[in-house]
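Written below as structure tokens is the structure these notes are about.
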There are 2 protein chains.
Amino acid sequence: MAKKDIRERIVEAASHRFHEFGYNATGIQDIVDAAKIPKGSFYAHFKSKEALGLEVLSDDARDTEATLTLNDETSPVERLREHFNILVSDYHRLKYRSGCLIGDFASELASNPNFRQATLHHHSEWSNNLEAVIRQGQARGEIDASRDSGVLARYLLDSFLGAVLRSRIARSQDAYDDFLEVCFDILLVKGPTASPMATKK
Amino acid sequence: MAKKDIRERIVEAASHRFHEFGYNATGIQDIVDAAKIPKGSFYAHFKSKEALGLEVLSDDARDTEATLTLNDETSPVERLREHFNILVSDYHRLKYRSGCLIGDFASELASNPNFRQATLHHHSEWSNNLEAVIRQGQARGEIDASRDSGVLARYLLDSFLGAVLRSRIARSQDAYDDFLEVCFDILLVKGPTASPMATKK
DNA sequence: ATTCAAAAGATGACCAGTCGTCTACATCTC
DNA sequence: GAGATGTAGACGACTGGTCATCTTTTGAAT
């Protein structure tokens, strides 16, 4: 077994467990059991549980980022919609048992300086990307240009993370449906004349 | 020391720790140290750590609920604003180190059936209350009646919980400022003519 | 190409500490 | 004194991490 393969198995096993059970409720033994490696080997690949956690968080953020197209000819609003739809379909596939690490680590590990800093960094990167696309939407007249793109982006991300929380306790798509409806019918719209939600039903 | 006083000290100590460090990172020893009781006494008051956690969650939800006036002559929108302002001022007082248990338990304990169920229950109660007030706002013409009050309420709560997450990692008021701005300038407004955010700056 | 010693990597048993819980004993109350 | 209540510290399980020992790889010499 190549060293790289083992390392990736550890990361993958940890990622699954962190997503479903959280960081503190996931032990090293759980991870190495899932990765089918001896426990002592873990430390040949990672210095510590924390080092693994930070790497898994970083990978998660990178994967999330990849689902948002920053520069493209297509409609910025549609790109945003596609971004969230991809994320939501992942949660659906996992039967709404999985959280989002940025939200979960913000919640569970905010008192750990290293995690707090890393989580804040990734959160900001994400909302900056959302903002860039929103700004494009404003430039193309798809989104009301009188709205502060930064405020919108950050709010959007907050509400998405909140929707992830709800979906996990409810084990349901409802939170995402609500999220998509308000975002695309009220927030990310052309101007003061938002389309009424009632007519969507 | 009266038995009731000891019990309340345990609840208070646990509440603080759960809010700042989360459930799994808070041990019974931490709680009894903070409550200044012997560890063995804990089980004279609570059957288990889980029983304490559920009670602290319930207390937290009750306290939060008390900050929203459901029936009153005053403006529903202002009541909603006051509700969130009270919550935010608490977080400010605690230097943004505190989370919201409904959000945090949704994140950290979603895989525990008892916590998931209780958290979902309290989350729903909260959003139902928000919905009732939003509906009053719609009846009084303060909030666009073409919006689905249930969708709005749930979305609002999701976004607030997301703002709490951000405020904790950023240790800052920004998330709440963004939340209040979007909610009261875009979502909870009279009709299709939302006041532009740019003019608020 | 082969051999061998050194270096690097892997690992199972072990470590000290923490965890939530329990219970024998101590203390209190009536 | 009897019964109720409180509690110190033990318990068994688990935690993240260490390390002595074994295995594999590497690179130099022939």
Enumeration of residues in region B:164-189 that are farther than 19 Å from B:SER107 by Cα, in contact with a Gly (Cβ under 9 Å, 6 or more places away or on another chain) and in a helix (DSSP H, G or I): B:ASP178, B:PHE179
Any hit, region B:25-45, residues being more than 9 Å from DNA strand C (Cβ to nearest atom), within 24 Å of A:ALA25 (Cα to Cα) and not assigned by TED's automatic domain parsing to the domain that holds B:GLY103: yes
Residue identified as closer than 17 Å to B:PHE179 by Cβ, of a type in the set (D, E, K, R), at pLDDT 95 or above and outside the structural domain of A:HIS19 (by TED's automatic domain parsing) among A:ARG171, A:ARG116, A:ARG166: A:ARG166
Close pairs from region A:33-55: first within 14 Å of chain B (Cβ to nearest Cβ) and near DNA strand D (Cβ under 8 Å from one of its atoms), partner outside any helix (DSSP H, G or I) and of a type outside the set (D, E, K, R), Cβ under 8 Å, at least 6 apart: A:GLU50/A:ASN112
Residue in region A:57-64 that is away from DNA strand D (no atom under 11 Å from the Cβ), within 27 Å of A:VAL133 (Cβ to Cβ) and within 14 Å of chain B (Cβ to nearest Cβ) present: yes
Hits in region A:55-111 - residues which are in contact with a helix residue (DSSP H, G or I) (Cβ under 8 Å, 6 or more places away or on another chain), of a type in the set (Ser, Thr, Tyr) and either crowded, with 20+ Cβ neighbours inside 10 Å or part of a loop (DSSP other than H, G, I, E, B) (or both): A:THR64, A:THR67, A:THR69, A:SER75, A:TYR91, A:TYR96, A:SER98, A:SER107, A:SER111
Selection status of B:TYR43, under 22 Å from A:SER111 (Cα atoms) and out of contact with any His (no Cβ under 6 Å at 6 or more places or on another chain): no
Residue check for A:ASP144: closer than 23 Å to B:LEU152 by Cα, free of Cβ contacts under 8 Å to residues at least 12 places away in the same chain and facing another protein chain (nearest Cβ under 9 Å): no
Within region B:23-44, tally of residues that are more than 26 Å from the chain's Cα centre (by Cα) and within 13 Å of B:VAL11 (Cβ to Cβ): 2
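The values are calculated or read from the model by the stated rules, or taken from the named source; none is laboratory data. Remember, predicted model here, so these are calculated numbers, not experimental data. Every residue, glycine as well, gets a Cβ built from its backbone with ideal geometry; the counts of neighbours run over all protein chains shown.
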